[in-house]
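> Next up is a structure, given as structure tokens.
The values are calculated or read from the model by the stated rules, or taken from the named source; none is laboratory data. None of the values given here were measured: they were computed from a predicted structure. Backbone-built Cβ (ideal geometry, glycine too); neighbour counts: all protein chains shown. Calculation scope for accessible area: heavy atoms of the full protein, side chains included, ligands and nucleic acids excluded. Shrake-Rupley method; radii C 1.70, N 1.55, O 1.52, S 1.80 Å.
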Amino acid sequence: MLTTQQSTTFLSLLFLLSLPLFSSSQQSPNPVYNTFLKCFSDKTKSPQNVFSQTNPSFSSVLRAYIRNARFNTSSTTKPTVIITPRSYSHVSAAVICAKPLNFVFKIRSGGHDYDGLSYISDKPFFMLDLSHLRGVSVNIADETAWISAGATLGEVYYKIWEKSKIHGFPAGVCPTVGVGGHLSGGGYGNMVRKFGLSVDYIDDAKIVDVNGRVLDRKAMGEDLFWAITGGGGGSYGVVLGYKMKLVPVPETVTVFRVEQYMDSGAVDMVYKWQSVGPKTDRNLFMRMLIQPVTRKKVKTVRATVVALFLGEAKDVVSLLAKEFPELGLKKENCSEMTWFQSALWWDNRVNVTQIDPKVFLDRNLDKSSFGKRKSDYVVTKMPRDGIESLFKKMIELGKVGLVFNPYGGKMVEVAEDATPFPHRNMLFKIQYSVNWKESSPEIEKGYLNQAKVLHSFMTRFVSKNPRSAYFNYRDVDIGVNDQGAKSYEEGEVYGRMYFGKNFDRLVKIKTAVDPGNFFRNEQSIPTLPIAKGTVVTEQGRARRWSRAGGATLVATVVLHVF
């Protein structure tokens, strides 16, 4: 009796052998590409949206949305085929035609996944690039927007600004981030304390499932809809887009930046921030940046508060004079502007009151730097001596910076299982950040090791059992899945860190909607382990065979989500 994997391989071979041969003038050196192209062309009449490695445009299409230069080298494994769909039917055809070939199927929207999982693999793979599915339709009358997965956050903000100066959306501060990955993984920005996560405002969605069907919320059901509002999209299908509720923003908001150094109050500022940042007025978001720097030829640490206040400067100055005198905020530190202009300011744009808003439509193709990110969550305040020791460790290491993002406010009012994102009751989230410009394996190894060392140093100060991590800060250091016999065990390691108790429900949903595990990557949600002798035959069902007295008995079991 063939195993499930053997059966799949055997069927794939039969499929390949049954297809007609191409003429020599048409044939690429890669027969898998030819097989896929024939199927895709028959279904869509759009062969120009499929690229083999020999296509002159292959490299430019691949490179355009690689945001981490670590994965844009000559030795980086490239996809066998790239598909650039321009319609829902193209996505459906891509799934239907790729599935029998049993290749890994990667899905990329903006390319900001920090460890490149949407466009690299150590196994042969296809890549579905969603950058042409970029529609944004804003309806101010009902305060909603339909946003395609390949749109960028900058495009979303611009389209909202075109229609209204008093509406916004609570998402990230980097305008080139793709909506598909950002929203399906949770999504947050500098209005997280006022409004919560991006996924808290999803009304509807569309997805292509493993059978190539285009499903909206009603058709996919509430379980799958729940999964793609924070549990990642790429484990269950191809998310095409989301219908979002917009949020009200005041006509005037305030931004400010205040920095202090280790020898002039930075330790006290960071220590006090832990009591104020997560608990102050929810209209105020104060991000804390902690960076090792050299000042006057001396190595030190700089702590910087970067803030958005949904209101006027005089009010936030008065508030922080009482709650956070260690910050020393003055009226002259503050700038008042519109919400859209504040998005430009947070993107480090200068003269935001004069800048053309259309800069947010620039996708900055081929712009990337070398980098690594990691994450943690803090449940209880770090002691003052702990902050002092952290500063000393950062000086010793020399490069890795930290970003503290405060929670509280709306976040603690949403149940941990309302969406797959479970980390609602934390004080703040930590991002470990290191960037560099040199293309050198030795330099890269050194910086990656610095990030690991600092992450290890922080163990005593952060969440435990499990140590939590943010799914959208992809980090392969915490575990990967080779999709073999131990897929569930491997997936549970990182799955618990990303999703906590919600991991169990995500696994059940994954098993129901994609029992053959077609949609998989190095950190995808695994399927439930199936007992030996079980053959998955169709979506949501498993058939178990046994032999008794020479007869074959077959039992069909529905894989319930709960």
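> Taking Gly409 as the residue in question, decide whether it is open to solvent by 10 Å² or more (accessible area, probe 1.4 Å) and over 19 Å from Val378 (Cβ atoms).
Criteria not met by Gly409.
> Check every one of the strands (runs of 3 or more DSSP E) wholly within segment 46-113 and list those with 3 or more residues that are closer than 28 Å to Leu183 by Cα and open to solvent by less than 10 Å² (accessible area, probe 1.4 Å).
Those strands (runs of 3 or more DSSP E) span 81-83, 104-108.
> Still on this structure: Answer yes or no: is there a residue in segment 169-179 that is assigned by the TED database to the domain that holds Lys206, in a helix (DSSP H, G or I) and of a type outside the set (Asp, Glu).
Within segment 169-179 (the criterion being assigned by the TED database to the domain that holds Lys206, in a helix (DSSP H, G or I) and of a type outside the set (Asp, Glu)), the answer is yes, since at least one residue qualifies.
> Any chance segment 140-154 includes a residue that's among the aliphatic types (A, V, I, L, M), over 22 Å from the mean Cα position of the chain (by Cα), over 26 Å from Arg520 (Cβ atoms) and open to solvent by 20 Å² or more (accessible area, probe 1.4 Å)?
Checking segment 140-154: at least one residue is among the aliphatic types (A, V, I, L, M), over 22 Å from the mean Cα position of the chain (by Cα), over 26 Å from Arg520 (Cβ atoms) and open to solvent by 20 Å² or more (accessible area, probe 1.4 Å).
> Scan the strands (runs of 3 or more DSSP E) fully inside segment 230-304 and keep the ones with 2 or more residues being over 25 Å from the mean Cα position of the chain (by Cα).
253-261, 284-295
> Now for a separate question. Name every residue in segment 377-406 that is in a loop (DSSP other than H, G, I, E, B), over 16 Å from Leu427 (Cα atoms) and open to solvent by less than 30 Å² (accessible area, probe 1.4 Å), in order of residue number.
Scanning segment 377-406 gives a single hit, Val400.
> Quickly run through segment 449-488 and pick out the residues that are over 30 Å from Asn102 (Cα atoms) and buried (at least 17 other Cβ atoms within 10 Å of the Cβ).
Gln450, Ala451, Leu454, His455, Met458, Phe461, Val462, Ser463, Pro466, Ser468, Ala469
> What's the total number of residues in segment 169-204 that are in contact with an Asp or Glu (Cβ under 7 Å, 6 or more places away or on another chain) and aliphatic (A, V, I, L, M)?
Going through segment 169-204 one residue at a time, the tally reaches 1.
> Out of curiosity, is Ala343 assigned to a strand (DSSP E or B), closer than 26 Å to Ser375 by Cα, open to solvent by less than 20 Å² (accessible area, probe 1.4 Å) and in contact (Cβ under 8 Å) with a residue 12 or more places away in the chain?
Judged against the criteria, Ala343 is not a match.
> Please state which one of Val208, Val214, Val179, Val199 is over 15 Å from the mean Cα position of the chain (by Cα) and surrounded by 24 or more Cβ atoms within 10 Å (Cβ to Cβ).
Val208
> Oh, and also: I'm trying to understand the selection: among the residues of segment 362-406, which are in contact with a Ser or Thr (Cβ under 8 Å, 6 or more places away or on another chain) and aliphatic (A, V, I, L, M)?
Listed by number, the residues that qualify are Val378, Val379, Ile395, Val400, Leu402, Val403.
> I'd like the full set of residues that are small (Gly, Ala, Ser) and assigned to a helix (DSSP H, G or I), limited to segment 436-463.
Gly446, Ala451, Ser456, listed by residue number.
> Does Ser335 qualify as being open to solvent by less than 40 Å² (accessible area, probe 1.4 Å) and among the polar types (S, T, N, Q)?
Criteria not met by Ser335.
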